[in-house]
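Everything on this sheet refers to the single structure shown next.
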Amino acid sequence: MLPVMRNLTLATVLLAAVSAVAMAQTAPTQPAPQAAPAPALKTWFVRLVPPRATFANDMTETEQALMTAHFVYWKGMFDKGVCLFGGPVLDPKGVYGVLAIQAATEDEARAIAAADPSVKGGVNRIEVAEMRVAFLQKAR
């Protein structure tokens, strides 16, 4: 092969290699797969029903310990933003607890409420219903 043709062949091969590298660097990349968006959170009203109407006045030591753990659990849920508000309702017919929590589904809301130590310990039972909060004011 003549030196001129060999140089042209070599130049052509180099040019093709450089072009391939440049195209690979500028070629559009596939977009990263997007994770499915998290389902919108709903608000759920949770009622904690005690075992008896006199419960607030005559808890056993075991029940008191479970209610202390209950408070710690819900305070943690409040600090995480899961619980919007909660506390006892001082009904003269019998004190009970209410909470408003955020969860995507009723099953998730029930699981959160069922993880309350007082529920797991068999002291309180739960009732859960979807709630639409129309307005909410910070405590003064």
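Read the figures in this text as sums done on the coordinates, not as results from a lab. This is a predicted model, so every value here is computed, not measured. Here Cβ is always computed from backbone atoms with ideal geometry, including for glycine, and neighbour counts include all displayed protein chains.
Just a few scattered comments:
- Two-site FRET efficiency, Val89 against Met131, from Cβ-Cβ distance with R₀ of 22 Å, rounded to 0.05: 0.90
- Mean separation of Cα contacts under 8 Å, 6 or more apart, over the residue count of the stretch 42-131: relative contact order %: 49
- For the pair Ala139 and Lys120 in one chain, pulling the backbone fully straight at 0.36 nm per residue adds 3.9 nm over the alpha carbon distance.
- R0 of 22 Å, Cβ-Cβ distance Leu41-Ala65: FRET efficiency to nearest 0.05: 0.10
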